[in-house]
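Read the structure below first, then the notes.
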Amino acid sequence: MGEFVGVDPANLRELTARLQRLHDVLARQTPVVQQKMQKWGSEIGFAALPSLVAEALDDARDMTARTGRAYELAREKGWSPLAPAGGVLAFNQDPPPLVQLDWTALGQSAGQARHDAAELARILGDATASGTSPAEALRSVAESLRGHLDDADYLAAFWDSIAPLAAGLARRLHDRGPAAGPLLDASAATLLAAFGAALAAASRLRRPERPGDPALSRAALDALESGDPWSVGMLLKYGPPGSSWDPAVLAGLTRALLDARHAGKISWPSPRQGIGSEADAARYQREMAGFDPVAAVLTRAAENGEAARQVLGDPHSGLAYARMLVSDSWHTPGYDRTPFVGDYLKADGPIPPQGQIFDAAPAAAFLRAAVSAPRGTGLDAQRSAWSVVHIVTATSDFAKANPGALLPHEIRQALLYTADRYLPDFAKSVGHDFSSMALPRGNEAGNPWVVVVRSSHLEALLDQALQEPEEFGTFTGMMNARVTLAVAATIKDPSDADYVSEMAGLYGLVQRLHNDQHFVNAQLKDEEAARDQTALALFTGSFGALSFSNPWGPGAIAQFLTGTAAPAVDASLDTGHALEAVKENADAFRDRVLHIEVPVVQGLVVAGVLRPPNDAPWFRSGMVVPDAHLVEWISEHAETRYGGKSLQQWIRAAQEAMRMQQ
Amino acid sequence: MVFALGAALLLAGCTRTDTHRPVDDEARRRDQALVAVIQCFVDNRAIPEGDLRGQPWLVDGRVRAGAELVEWLSVHRDTVYGGRTLQTWENEATAVWPRWTCPL
């Protein structure tokens with residue numbers, strides 16, 4: 001039974017504020033106090049301090065809940081926080097009346113959450129009835145949310161009560177917002193940030209009494225997924241970065257928003273000022289691009305990484321979403337110019353949509369994230385591999401359905417990135433056109449996940465990815481840089497795989513696409529520069545093919561499969577820079593990189609089958625350094641066998657693999 | 001390496017304007033030749049039991065064409081069966097396809 005006490009709401013509020021301040025100070029200072037006292041050898045026990053701080057937080061929350069309830073009771077008694085003063089509404093100068101409060105029934109987090117949720121519903125209802133902006137009145141709810149970001153009980157009760165309303169919140173804020181300005185103003189943004197943070201926190205926290213269950217219930221999530229897509233997208237846009245979200249929740253929201261976009265069910269809020277001129281129409285296009293819910297969710301899922309892989313890496317549904325992403329539809333709809341032009345133009349028939357804003361960057365970032373799990377045997381690596389399969393298939397489907405059409409630049413860059421990360425898989429796939437799937441290497445359970453794709457689909461992907469001479473150059477450079485590891489992996493792999501031969505097949509495929517492009521000589525120079533710069537960057541940079549400190553450390557096969565780190569790909573596409581770099585030390589560069597002997601010999605050293613003599617001047621600090629001595633040594637050892645082949649045979653195999661691009 | 005060169009030369013010979021792409025034909029012939037070669041080896045027990053254990057593409061003694069077969073090929077390219085590497089068998093069968101017959 002409750003224990004009713006008479007309280008003065010205003011005094012209670014003051015008490016609550018002091019309690020909160022006390023907790024803030026304690027929480028801030030406790031670690032320092034503990035540290036200092038330990039340093040000084042204090043014998044006083046401070047172990048209990050953190051739990052005392054936690055209790056203080058609970059007390060502060062309890063008191064906040066009681067204050068909220070006390071004001072509610074005051075309102076029930078006829079008191080209002082706002083009162084007419086001089087013809088306008090102002091804060092009521094009269095204090096609220098004394099109320100009888102049930103001291104024990106309140107103070108639970110869940111109770112506070114339900115109170116906040118009811119408050120939110122009331123404020124939104126009032127705003128709708130009166131046509132005023134709810135943003136100001138909602139500030140206290142947002143404040144309360146921010147105080148409960150680590151409180152699973154609160155968040156669970158809050159989202160259970162409020163999910164359907166939150167799934168339409170942004171649109172309400174827009175509809176009741178000021179008459180001019182952006183689709184959502186600063187106060188709306190602050191509110192949505194608080195709701196986004198609370199949603200992200202609820203997605204990650206588990207309920208204390210049921211540790212298996214997330215604070216965000218299935219029912220609450222359903223309400224969000226079936227809510228107003230634009231509003232849900234705004235919770236993500238203003239919410240915290242992707243790493244703060246649970247991957248599965250983010251994946252669910254991504255699917256829901258992509259489905260809505262695919263079905264044409266995203267309805268945009270209307271522009272505040274209306275559209276009276278072409279300038280208004282153009283501005284609205286910019287706003288659509290800036291407040292795009294799908295871009296928001298894709299960005300968060302890409303930041304999260306695992307969420308993107310859950311979406312694209314699902315063997316059953318991933319392909320459908322890959323098809324939505326690998327597309328040239330990443331732009332705003334554009335506007336109809338007809339109302340703004342004279343009649344003489346209209347006579348020429350329909351005018352195509354104007355002012356479209358193109359931005360495929362969020363979709364491209366999502367694709368990159370989907371293929372970026374580290375290689376391995378786990379579920380995440382498996383999803384990453386399936387994502388690759390689906391992206392390759394979707395690209396092939398796009399090319400078939402849109403002959404001659406080119407994907408947006410950002411998407412094509414993501415395809416190049418995918419090809420780089422899964423280069424050995426693609427090399428292996430050349431020549432056969434059975435089917436595409438992710439599978440454990442050698443079909444043996446427990447091996448790392450790899451990919452086999454249909455040769456014709458792979459060709460379609462490379463045809464999209466490789467269009468400019470620089471892109472060919474970059475990709476060939478990536479392949480060249482792998483020769484060392486292909487040689488080493490071929491020797492060290494206990495199976496009878498022949499990575500050099502597989503690379504040769506890929507070279508051939510790329511060369512065929514290259515021949516189709518009919519580049520002129522000047523373009524070929526750029527391509528060469530890009531190729532050499534990439535190979536150099538990969539040899540000497542993150543790839544480290546020529547700088548193994550521990551030659552067989554993690555295994556050349558693993559390294560070969562894993563391939564290069566991403567930054568090299570992006571940086572190497574800056575071809576202006578590449579040209580300068582190549583011009584500056586053209587001779588040294590050719591000696592170091594383009595002579596196939598160097599990577600081959602290095603590969604044999606890495607594999608441990610060739611041990612350079614101690615006094616070899618061409619081998620320093622674990623690296624093969626090309627000079628006259630190396631040439632002499634190679635000619636003397638041409639017939640010596642290393643790892644099952646003579647040195648000459650190894651060099652010829654690598655030369656044959658690379659011949660097509662020379 | 002022979003495979004790679006052969007495939008590359010064939011690939012390099014095509015142009016975009018071809019409506020019927022020879023590369024697809026090449027892949028299709030290569031696919032059929034590979035299945036025939038491996039079926040021939042399986043039927044004549046030319047592949048040691050250990051190399052086939054648990055392989056999902058082998059169902060009741062029949063070779064099932066698919067990505068799993070390509071994956072298996074990839075780790076057995078240089079394995080010698082009946083005196084030649086698997087890759088050599090595939091190349092030779094592809095070159096004369098569809099007139100190739102099982103020599104075992």
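The values are calculated or read from the model by the stated rules, or taken from the named source; none is laboratory data. Every value quoted in this text rests on a predicted model; they were computed, and no experiment measured them. Here the Cβ positions follow ideal geometry from the backbone for every residue, glycine too, while neighbour counts run over all protein chains shown. Accessible surface is based on the protein model in full, side chains and every heavy atom, while ligands, DNA and RNA are left aside. Shrake-Rupley method; radii C 1.70, N 1.55, O 1.52, S 1.80 Å.
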(request) Examine segment B:3-21 for a residue that is in a helix (DSSP H, G or I), modelled with pLDDT under 90 and of a type outside the set (A, V, I, L, M, F, W, C), and state whether such a residue exists. (result) yes
(request) Just give me the residues in segment A:260-279 being among the basic types (Lys, Arg) and part of a loop (DSSP other than H, G, I, E, B), in sequence order. (result) A:Lys265, A:Arg272
(request) Kindly state which helices (runs of 4 or more DSSP H) lie completely within segment A:550-656 and contain at least 2 residues that are touching a Phe, Trp or Tyr at 6+ places or on another chain (Cβ under 9 Å), modelled with pLDDT of 75 or more and surrounded by 13 or more Cβ atoms within 10 Å (Cβ to Cβ). (result) A:597-607, A:628-636
(request) May I ask you to verify whether A:Ala320 is surrounded by fewer than 22 Cβ atoms within 10 Å (Cβ to Cβ) and either within 20 Å of A:Ser372 (Cα to Cα) or aromatic (Phe, Trp, Tyr) (or both)? (result) yes
(request) Would you check if there is a residue in segment B:62-83 being without any contact (Cβ under 8 Å) to a residue 12 or more places away in the chain and of a type in the set (S, T, N, Q)? (result) yes
(message) Looking at segment A:214-226 only, could you name the residues that are surrounded by 23 or more Cβ atoms within 10 Å (Cβ to Cβ) and in a loop (DSSP other than H, G, I, E, B)?
(response) A:Ala215, A:Leu216
(message) Anything in segment A:41-53 that is assigned to a helix (DSSP H, G or I), open to solvent by 50 Å² or more (accessible area, probe 1.4 Å) and either more than 13 Å from A:Pro31 (Cα to Cα) or in contact (Cβ under 8 Å) with a residue 24 or more places away in the chain (or both)? List them, or say none.
(response) A:Leu52
(message) So, in segment A:491-520, exactly how many residues are more than 8 Å from chain B (Cβ to nearest Cβ) and among the hydroxyl-bearing types (Ser, Thr, Tyr)?
(response) 1
(request) Just one of (1) of a type in the set (Gly, Ala, Ser); (2) under 26 Å from A:Ala489 (Cβ atoms); (3) modelled with pLDDT of 95 or more trips up A:Gly378, so point out which. (result) (3)
(request) Determine whether segment A:388-395 contains at least one residue that is free of Cβ contacts under 8 Å to residues at least 40 places away in the same chain and either farther than 29 Å from A:Ala445 by Cβ or open to solvent by less than 10 Å² (accessible area, probe 1.4 Å) (or both). (result) no
(request) Look through B:Glu49, B:Glu68, B:Glu26 and report the one residue that is at pLDDT 95 or above and over 11 Å from the mean Cα position of the chain (by Cα). (result) B:Glu68
(message) Please count how many residues of segment B:58-79 are more than 7 Å from every other protein chain (Cβ to nearest Cβ) and among the β-branched types (Val, Ile, Thr).
(response) 2
(message) Can you find a residue that is part of a loop (DSSP other than H, G, I, E, B), more than 22 Å from A:Arg61 (Cβ to Cβ) and open to solvent by 20 Å² or more (accessible area, probe 1.4 Å) anywhere in segment A:139-158?
(response) no
(message) I'm trying to understand the selection: among the residues of segment A:441-470, which are open to solvent by less than 20 Å² (accessible area, probe 1.4 Å), of a type outside the set (A, V, I, L, M, F, W, C) and more than 9 Å from every other protein chain (Cβ to nearest Cβ)?
(response) A:His457, A:Gln464, A:Pro469
(message) Considering only segment A:177-200, I want to know if a residue exists there that is open to solvent by 60 Å² or more (accessible area, probe 1.4 Å), within 22 Å of A:Leu253 (Cα to Cα) and out of contact with any strand residue (DSSP E or B) (no Cβ under 6 Å at 6 or more places or on another chain).
(response) yes
(request) Please indicate, with yes or no, whether at least one residue in segment A:376-388 is charged (D, E, K, R) and touching a Phe, Trp or Tyr at 6+ places or on another chain (Cβ under 8 Å). (result) no
(request) Take A:Thr104 and decide whether it is of a type in the set (Ser, Thr, Tyr), farther than 19 Å from A:Pro269 by Cα and either assigned to a loop (DSSP other than H, G, I, E, B) or modelled with pLDDT under 85 (or both). (result) yes
(request) Please go through segment A:484-499 and pick out each residue that is open to solvent by 10 Å² or more (accessible area, probe 1.4 Å) and part of a helix (DSSP H, G or I). (result) A:Thr490, A:Ile491, A:Lys492
(message) For segment B:30-44, check the following and say yes or no: at least one residue is crowded, with 18+ Cβ neighbours inside 10 Å, on the phi < 0 side of the Ramachandran plot and modelled with pLDDT under 90.
(response) no
(request) Could you please give the count of residues in segment A:431-440 that are more than 7 Å from chain B (Cβ to nearest Cβ) and buried (at least 23 other Cβ atoms within 10 Å of the Cβ)? (result) 1
(request) Could you check A:Ala263 against (1) in contact (Cβ under 8 Å) with a residue 12 or more places away in the chain; (2) among the small types (Gly, Ala, Ser); (3) closer than 15 Å to A:Met324 by Cβ and say which number it fails? (result) (1)
(message) Which numbered condition in (1) in a helix (DSSP H, G or I); (2) closer than 30 Å to B:Leu73 by Cα; (3) at pLDDT below 80; (4) more than 14 Å from chain B (Cβ to nearest Cβ) is the only one that A:Ala545 fails?
(response) (1)
(message) Within segment A:444-461, does at least one residue satisfy the condition of being of a type in the set (Ser, Thr, Tyr) and farther than 24 Å from B:His76 by Cα?
(response) no
(request) Identify the residue in segment A:310-364 that is modelled with pLDDT under 95 and assigned to a helix (DSSP H, G or I) and, among all such residues, is nearest to A:Ser277 (Cα to Cα). (result) A:Phe340
(request) Report, by residue number, each residue of segment A:441-457 that is in contact (Cβ under 8 Å) with a residue 40 or more places away in the chain and either within 14 Å of A:Gln511 (Cα to Cα) or not in a helix (DSSP H, G or I) (or both). (result) A:Gly446, A:Asn447, A:Pro448, A:Trp449, A:Val450, A:Val451, A:Val453, A:Arg454
(request) For segment A:371-419, name all the residues that are of a type outside the set (Gly, Ala, Ser), within 29 Å of A:Pro469 (Cβ to Cβ) and not in a helix (DSSP H, G or I). (result) A:Val371, A:Asn402, A:Pro403, A:Leu406, A:Leu407, A:Pro408
(request) Return a yes/no flag: does segment A:510-519 have any residue that is open to solvent by less than 10 Å² (accessible area, probe 1.4 Å) and modelled with pLDDT under 80. (result) no
